[in-house]
Each structure stands twice: as C-alpha cells, then as structure tokens.
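S.K.: Structure below; questions to follow.
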C-alpha cells in the first residue's frame, strides 16, 4: 500500500501535494468533459479505485476470519483484535475518504459527510434500528407472533395495573434520580476543583461506578437488610434506627418510599458519572471570563450562575439527558433488589418479564415501544439545542 | 483557579470530606464483610467486626477456586477453577470493545457537529432515541444473524455487539464535546485549506482526548461488568466465561454462598479502577490547555 | 504526516494478514479420532441447565464413565439466568442439544412452537415404561409427545424440626394436619413459637407460598382437580383454591404462630428462615420446606440430632398421602446420533449416580439403587416418595411463566401484605393466564 502513495499523488491532477484544491484547474476540467469522456480519461484512476478497496477488504476479511476462528492464544487474538479494530476502522475511513476525494468536487462535498457518519449508522442500524423495527412489528401480534391483534397489546400496556405502577415509579426515578445526580455531581465537581484532595475525592466518588450491579446489590443489602425486633441487625440503616430507639423496618417493602430507597442506590452509582463529565467541563471555563467577571465586581454566586452555568450548559444537558434516559431504562437495580415487588415495578422490568419470563413477544414489544415514545420529549429538547448550531 | 483564603478552604474541604465519607461508607461495609466468614456475615453487622475474626478465606476461594465437599477425594475437599482464566477472558472481551467504538463514534460525532448534509438532524435524533432502546430486544435477532455468519461463541461476536450497543452513548457524548469546540479554530483551519478529514485527524482528535478518555472509562466499566451480553453471545463455557459469570456462578445453585460475592466484587473492581486512574489525568486536564496556538 | 500514516496503516494491515495466515483456518483437533467400537468418538454434545457451581461439577462427573465408553464429549453449561438464555438461544437458532428445565411449564411453550424432539419418535416406549413410573412419563408428556425425561427429583412435602429438643419436650410427630395444628397450639402454650416461615427470594419471592398452596391443594382435592388447576381449567377464584388459601392463612396469619411475626415472612430469606430451628433452645419448631434446604443448614448440624424431618401430614384422609415434587427434566432440541446416545444414557439411573451419592437429589429411575444415597436422611426422602399414593409436580412450575413465575408469586406477596384483598388477587391471577 505504501507503493500506492505516489499513485495517489500523481493521479490526482486537481490536488496539490498538500491536498489543496486548485479551483481554476477544476473549472477547466469540469467544463471540458462529459461523463463518458470523464470515465475514459480516468480509466486508470477508476481501476485503482476498484483494486485498492478490494485488496483492503480481502486483507480485512482475513483478519475477520482469523478473529472468528480464534484458534491462536488469547492475548494474540486480543491484540490482533485491537489492531484490526482500530487499524481496520482507521483504514476504512482513510480509504473511503480517499475514494470520495477521487470523485468530482460536487460529489465529494456531498458524499464526504457520509464517510464520517456512515459506519456508525450502518452498525447502529444492524444492531439497534432493525431490532427495534422488528419489535415494533411484533408488538401488533400476539404472544407467539402468529396472529395479528392490532392495538390490543398497547391497550394492555396502558391499562394494566403493573404498567400503571411502573409509569408512576419511572416518573419518580426521572425526577428525583436525574435531578439529584446532576446536582450532586456538579456540587462535588466544584468542591473538588477547589480542594487539595481533588484526585482522592473524585476517585472515591467514582468508585461506586466501578462496582458491578451485582456488587452494588450486595452492598446495599448490607444497608437495607431487615431482621425482626430482637435479632441483631446486620443492615446499617436499621442498626442506626435501632440505636436511636426506633423499630427496625423492612425498608424495601414500604410503599411508597421503597422506590426512593432504590433511587438512592442509583444516585450513589451515577453521581460519579455526572461528576466526571461536569468536572471536565468546569475546567474548560476560560480563566479570562472568570477574571473579567470578578473585575466587574460580581460575587461568587453571580459568577457561578451567570458565567459558569451558561458556559457548561451543553454538558449539563448531555449529562442530564443520559441519566434521564438511564432512569427510563432502569432495570438492574430494581431486578436485583426487589424484582418489582412491593410496588417498585418499572417499565424495563415489565418489558423483561413479558419478553423472557412469559415469552409474550407482543406485549413485550408494546412496552418497549412505549419506552421509546417516552423519550420523545428528550429528543425534541436535544433537537432544539442542535438547531442553534451552524455547520460547515 | 487560585487557592482561596483558609476559611473557605476549610469549608470546602470539610463539605467535601463529609460527602465523600457518606459516599464511601457503603463500600466500606462491603470491604469489611469481605474479610469475614460466612456465618459472621449473615448474623452480625459488619461494623461489629473484630480484628480477631478477620479471615482471607473469601478471597482465597474467589481467587484460587471455590471449595466443594467431595467425599471421593482424599482431603474431602475439591477446589474449583481459579479466576485467572475468567480474568483473561474479561480482558480479552473488554479492551477491544472499548477501543473499537471510540474511533467510529468520533468520526460520526464530528460529522454531526460540523458537517452539513441532508438528514443530519433526523439521523442525530435517531441516535439519541437509540439511547433508550433496551439492548435485550436486539439479543434474539442478532443471535440469529450471528448463527448464519457462524460467529456465535467467538470473541468477535461480542466485540461487535458491544460496539453496536455502545455507539449511541459514545456518539452522543463525543458530539456534545466536539460541537462545543470554538468555531474559529475550525474556520481558521479551513481558511488554511485543510479538508474536513485533515481537520478531524490533526485538530479535533487531539483536542478531544478528554472526552475520548471519559467515554473510554465508561465503556470499559460497562463492558467489564456486563453479564447478559456475554452470556448470550459468547456463552459460559469455561474457556470463554468472563469474570462476572464466574462470580455469579460462585454464589451457588441457589445463591447460598453470596458471602463470596463480597470478595468477588472487590476483585473485579480492581481493573476498572486501574483504568480510571490511568485515564483520569486526561480528562482532568482542561479543554484548551495549550492546544489552539498555531 | 500522511505518508507516515499510510506506512503505519499498511504495516498494521500486513501484520494482521500475516497473523491471519498463520493462525486462521486451524481447526481444533478432535479429542479422539473415530474408531471401530467408538463410532461417535470426538463428537460434542452440549447440555444447558440451571444447575451451577457444585451441582454442575457433579453433573459433569456423571458423564466421565460415559465419555470413556463412547468417546462422546459432553459439555455442561449451567446458569441461573437459564430461562432468559434458553429462550434467546432457541429463538436465535442456537439451541443447546439438550436442555434441563426445572420448570416444565416452560417446556410446554417450546413444544407448542415445535422446537422439541418427541422422544417417543425414536425411543422405545416399553423401555421407557420400564425405566420410569408411569407418573413421571405422564408429567413429561404434552399432546401425546414425550417432551423429556426426568433427571432428578426432590421431595417438597416435608416439615423440618429440631429432633433432640423436640423429643426432649415430649412432642410427637403429627400424623394429620389437625394434629399438626394441635401441636402448634401446644408449643404456643409452652411459651414457644411453632413456625419459622420466610419466603424472600429476590426476583422469585413468593415461590415458597405457592408450595404451601400446592401441598394443601393436593391434600384437599382430587389429583384431577390439581391437574385442571395447573392447566388453567380450574380457576384460582374457585372454592377449592380459596379453601387452600384459608387453610394456609390459619398458620401464616396467626400472630402467635410465626417467629418474628407475620411481616417477617416477606423479609426473611428462604435460606435464612430455618436458622432459629438450630438455636439452643430452638426459637421455632416447625419449618415446611423442600429437601434442598439441607444445604442451608449450619455445617455442623447433625441429622437425627439437630434436625430431622417428617412428612407433611394429610388434611383429609380421602385424598391419601400425596407428595409434592420438583426436579429437572432433560429435553432434546437437536437430533443427532450422539445426542441420542446421551439421551439414552440419561434414561438410566447411572446418570444420576454421582449426584445421588452427594445427596443433592433423588433419582426417579427405576434402576437407581437406594444404597447410593449417602445417609438415612436422603434415603428417607426416597422412601416418602415411594410410599406416596399420589405424586404431583410443583404446580407453579407447571403453569405458564406468566402465572407460575409471575402473578402467582406476586399474588402470594400481595396476599401477605394485605390478606383482605384475597378475592382481587385471585381474580388478577386468573386474568393473567395467557390465552
């Protein structure tokens, strides 16, 4: 492929070695040839455009086959995977970009964005979009997907008592979980930023994220555990309550507070995430802006709300969006701690039960689609942010 | 940021200390419990632990292999497999699954942020919408496709799956970051005659290191701690089982040995924390630190 | 910069190619080459089940002799998320060769979809009838097709008690339900709490209660009604089922009967529930639970001294001495010669030998030897099973998932939280039955 480099340079009459575009030459060329003549004149260029991708794909396919076979020792396979993955993906981008640049200028401009965005969209389509469409299709059929039942599954999903319970609970998750995670994340980011113990503090707040959900389940079991009066408490919360003279409670069974106790777990887990992103954004606020504010006589609070918050607004929206969507999707915590019992049901665990426990693909599909519909307001808000952006 | 007077410094550090303490207490409970025996864990609170009763038996079983009663063997005790195989498997699954999506998402994020093309808004909105799709809906269709491609049970299968599932978040996070870069940086680059591709490679990528590092950590964590995707696409045969599976397995057929999870959770936590520490300096650094000049 | 980039990329790509050429295409060599007397040597059969950890180990060991004999490699995979995974795998086209279900109700769904191989189509019916009691074959049959054969069974109709202390107090093992209630009253009069009940089980909380109802159903109505109930023909809101709930409530909701009080039923883990039995003096005296609960007893507890069990007594002598069982059934999904060999082996008692010797289950096979069981305790289970006039499988495991692993479990939980809502709860369960 190294040998092809001079070819790349030589066979590209419209481009100088630095990749600049000589507009005059282009206009000349465009005016003097039609399509057929263009093809004839650039036959060699076309051939190379075909051969190079073919060779590259063959090489990548070999890598693919090798990785699929996986017969070599694991470290080798993993290393090749990284090389193939990153190198291959990079090669793919470079190659497609090069290909697109071979085309006439107008085509280049039109196609280049798809070079950038294409691979991601292809993968997303295969892995997520198509399955979603399939689920949408099946949501109009019965459990075995053999009989068309129209909107019956949706009616069920919107009227079933467990589903209504989960709507209410998800709302609690959204509001309390997202709100507090972002607030705590921001608070900690600000405090840590000004503290000597920044790295330690941040690491300790981030620590819960590193614990898998299984581990988090065990940890919080040690907090919420209930033993009857008279027995020794092994749950921290009950030990605390008992030491103050109160009665131990089975926290996770107390409606309607138990959802809040579960949300507490999520806040504990996710604040680290919010903190990481918000901290990076905070550090990006230009010092000059803050200085200017101080010189103008603003106090700390005014600087915070008037300068800092607007500046990192984009990140706050991003963090809030992802956590909010995470709350819509919340499953593991509920599943591990209560399985939706005692009034803690949420949409995602309903989806899981319908799909996998009851093998009802129709109802499961309907619940999933309702989840998607629930995210539309978030999408609209993000779209508005998008609109203000002008691209090149 | 300059250091403030000592009073506000004390306030800040004090508040921080309090918050950190509250945050860490639950984990502390787990740590203490991991050094206690099965009976102690189930009968008494972890804060009552005395140094004398501490034991390494949980860690021994988690790392070295679980002990089973086996009357047919001389000592009456058999040892199960240790974790090293599962550890290697987890690493093999996680590293490519983290690295591959980053590049793809970075290109896409740049495309959405700074390039004009028809359908730009629609496609982006789709990406955001995909954030909410529960990945369980993809399990059956993808498995079918994998069966036809003969991919099931291979590491490649799971790398591609994690790439697919991680792309929405990656694209979204990187989009936020890349689109907030100052417009004039790109403008001046275009004036200099650079193409989108060059700008991306030589300007955007280096500038985006904080965001790339952030996402890398999250993706690493998520894949490292994942259980379901691994079970479905790669299976639980010993030569490919990942750490999370081995841990779940260890709790016994009916979950009676969950005290082993206490040690298990810490053992599996070690690597993601290492990754966090290694990468955290990249996103602690500021966005514009020394990048824009020239 | 571009030149370097190209050079680097080419180098990477070439390296991949080289590695691919070296490593790719090498198929793993078979463990044994097929030989004359082992025509299927080197073939692999995959078995997927719920048993994990030590039970999985034991299961794998059972195939050692088999693999010696035939050269067929049997790979066992066990996982707690079995229900989800088996569904995904079968629907996704990656079905295991053989799967072991602890819930026959799930199997029925797959039989309906036509994914299960009918064993009667290639196995000798007479041979099967020799190997298994007819009841076991019936429990594995759907629409005239034999969906699977039983691998192991557990007895569920047991009450555990602290033997030494029990005898010391002069208590006698009750032979009827009424005697058991009288015994409970006696214990209360003596200042103790008779029952330990705990049903918390994370995602599956409620199943212990379903066991109680099923045991009571078997003792208060005909086996035919029981079958109708598990098929959905006898509704939950029918008088027979309501009656069973009422009988259970007389034990569960009597404030003096349950250790810790009725609310603790929901919050005490099923594995922790029998603990008070082993205190000195025992904090409770009776614990109704299946045979596997032995694994949760303190390691130093001795059978015959610290604990023993008796058969859960009948309520109405008209209905004999029924026994509630659970177990796992081996179902075949892929038809290949080596898979058939494994199924044939699973139909023999020898396939349960190692597990029986470890005391983790009973073999339903007629050619299993009572001597395999390690102690009196386990042999006692086998005896109860043998003496039963009627044996029926755990009802909630027979019902479709939406009920048996869904609304029935939830119904028990809701019932304990608010017994006055029984009628609504029962109607809800009926409504949740898939059409």
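We did not get these values from a lab; they are worked out from the coordinates using the rules stated. Because the structure is a prediction, the values reported are computed rather than measured. Don't worry about glycine lacking a Cβ; one is built from the backbone with ideal geometry, like all the others, and counts go over all protein chains shown.
S.K.: Binning at 5 angstrom from zero up to the longest distance, how are the C-alpha pair distances of the range B:111-182 distributed in percent?
M.R.: In order of increasing distance, the bins hold 3, 14, 20, 19, 15, 13, 10, 5, 1, 0 percent.
S.K.: In square nanometres, what is one fourth of the surface area of the convex hull spanned by the alpha carbons of the range A:230-292?
M.R.: 7.5
S.K.: Related question: Give me the Å³ per residue figure for the convex hull around the C-alpha atoms of the range A:205-264.
M.R.: 97
S.K.: Figure the gain on full extension for residue C:427 and residue C:300 (residue separation times 0.36 nm, minus the Cα-Cα span) and round it to one decimal in nm.
M.R.: 41.1 nm
S.K.: Could you check which residue among C:192, C:71, C:114 shows the biggest mean-square fluctuation in a GNM of chain C with a 10 Å Cα cutoff?
M.R.: Residue with maximal mean-square fluctuation among C:192, C:71, C:114: C:114.
S.K.: Which FRET efficiency value, to the nearest 0.05, is calculated for residue C:318 and residue B:149 with the Förster distance at 56 angstrom and r the Cβ-Cβ distance?
M.R.: Calculated transfer efficiency: 0.35.
S.K.: How high is the FRET efficiency from residue A:51 to residue B:192, r the C-beta distance, R0 41 Å, rounded to 0.05?
M.R.: 0.80
S.K.: Still on this structure, I have one more. Give me a single rounded figure for A:201-208: the average over its residues of other chain Cβ atoms within 10 Å of their Cβ.
M.R.: Whole-number average of other-chain Cβ neighbours for A:201-208 is 6.
S.K.: If you don't mind, another one. For the pair residue B:15 and residue A:137, how long in nm is the line joining their label points, each one 7 Å along Cα→Cβ?
M.R.: 5.5
S.K.: With a point put 7 Å past each Cα toward its Cβ, work out how far residue B:116 is from residue C:369 in nm, to one decimal.
M.R.: It works out to 8.7 nm between the two label points.
S.K.: Is the range A:146-249 best put as rounded, prolate or oblate by its Cα gyration tensor, with a ≥ b ≥ c the root eigenvalues, rounded for a/c under 1.5, and otherwise prolate when a/b is larger than b/c, oblate when not?
M.R.: oblate
S.K.: Any idea what % of Cα-Cα pairs in the range B:207-249 are farther than 17 Å?
M.R.: 42
S.K.: Per residue and in cubic angstrom, what volume does the convex hull of the Cα atoms of the range A:152-387 have?
M.R.: Spelled out: Cα convex hull of the range A:152-387, divided by residues, is 161 Å³.
S.K.: Sum -39500 (n - 2.57) across every DSSP H segment of at least 4 residues in chain B, then divide by the residue count to get the 222 nm mean residue ellipticity, nearest 500.
M.R.: -21000 deg cm²/dmol
S.K.: Strictly greater than 26 Å: what percent of every Cα pair in the range C:315-435 meets that?
M.R.: Roughly 47 percent, rounded to a whole number.
S.K.: On average over all directions, what projected area in square nanometres does the range B:97-232 have, based on the convex hull of its Cα atoms?
M.R.: 9.1
S.K.: Right, another one. Compute the Cα gyration tensor for the range C:187-237, then decide on rounded, prolate or oblate, letting a ≥ b ≥ c be the square roots of its eigenvalues: rounded whenever a/c is under 1.5, prolate when a/b is larger than b/c in the other cases, and oblate in all that remain.
M.R.: Oblate shape, in that a/c is at least 1.5 and b/c is the bigger or equal ratio.
S.K.: Is the protein assembly as shown rounded, prolate or oblate when judged by the Cα gyration tensor, a ≥ b ≥ c being the square roots of its eigenvalues, rounded requiring a/c under 1.5 and prolate requiring a/b larger than b/c?
M.R.: Because a/c hits 1.5 or more and a/b exceeds b/c, the protein assembly as shown counts as prolate.
S.K.: To the nearest whole number, what is the average tally of beta carbon atoms from other chains within 10 Å of the beta carbons of peptide A:286-299?
M.R.: Partner-chain Cβ atoms within 10 Å, mean over residues of A:286-299: 1.
S.K.: I'd like the distance between the alpha-carbon centres of the range C:47-89 and the range B:2-60, rounded to an integer number of Å.
M.R.: A separation of 40 Å, based on Cα centres.
S.K.: Another question about this same structure. May I ask for the distance between the Cα centers of the range B:112-163 and the range B:195-245, given as a whole number of Å?
M.R.: 14
S.K.: Another question, then. How much FRET efficiency would the formula 1/(1 + (r/R0)^6) give for residue A:309 and residue B:52, where r is the Cβ-Cβ distance and R0 is 30 Å, rounded to 0.05?
M.R.: The value I calculate is 0.05.
S.K.: If the elastic network links every pair of Cα atoms under 10 Å, which of C:83, C:279, C:200 fluctuates the most in the Gaussian network model of chain C?
M.R.: In this elastic network of chain C, the residue with the biggest mean-square fluctuation among C:83, C:279, C:200 is C:279.
S.K.: Just the Cα atoms of chain C, one point each, no solvent: what log10 I(q)/I(0) does Debye give at q = 0.10 Å⁻¹?
M.R.: Reported log10 I(q)/I(0), two decimals: -0.75.
S.K.: Kirkwood Rh over Cα pairs of the range A:73-172 into Stokes-Einstein at 4 °C, 1.567 mPa s: D in µm²/s?
M.R.: Estimated diffusion coefficient is 71 µm²/s.
S.K.: If I build a Gaussian network model for chain B, linking alpha-carbon pairs within less than 10 angstrom, which residue out of B:60, B:257, B:192 has the largest mean-square fluctuation?
M.R.: It is B:192.
S.K.: Still on this model: Compute the helix-to-body angle for B:6-34: its Cα long axis versus the longest principal axis of chain B, expressed 0 to 90° and rounded to tens.
M.R.: Helix B:6-34 sits roughly 40 degrees off the main axis of chain B.
S.K.: Also, I was wondering about something else. Would you mind checking the range A:336-355 for residues with the amide N under 13 Å from a putative spin-label position 7 Å along Cα→C-beta of residue A:175?
M.R.: none
S.K.: How many partner chain Cβ atoms sit within 10 Å of a residue's Cβ in peptide B:169-175, on average, as a whole number?
M.R.: Neighbouring Cβ atoms belonging to other protein chains average 3 per residue here.
S.K.: Now, a different point. Could you compute how fast chain B diffuses translationally, taking Rh as the Kirkwood radius over C-alpha pairs and applying Stokes-Einstein at 20 °C with viscosity 1.002 mPa s? Give it in µm² per second.
M.R.: 94
S.K.: By how many nm would the segment from residue C:164 to residue C:133 lengthen if fully extended, with 0.36 nm per residue of separation less the alpha-carbon distance?
M.R.: Full extension of this stretch gives 7.5 nm more.
S.K.: Tally the DSSP beta bridges in the protein assembly as shown and give the antiparallel ones as a percent, rounded to 5.
M.R.: 60
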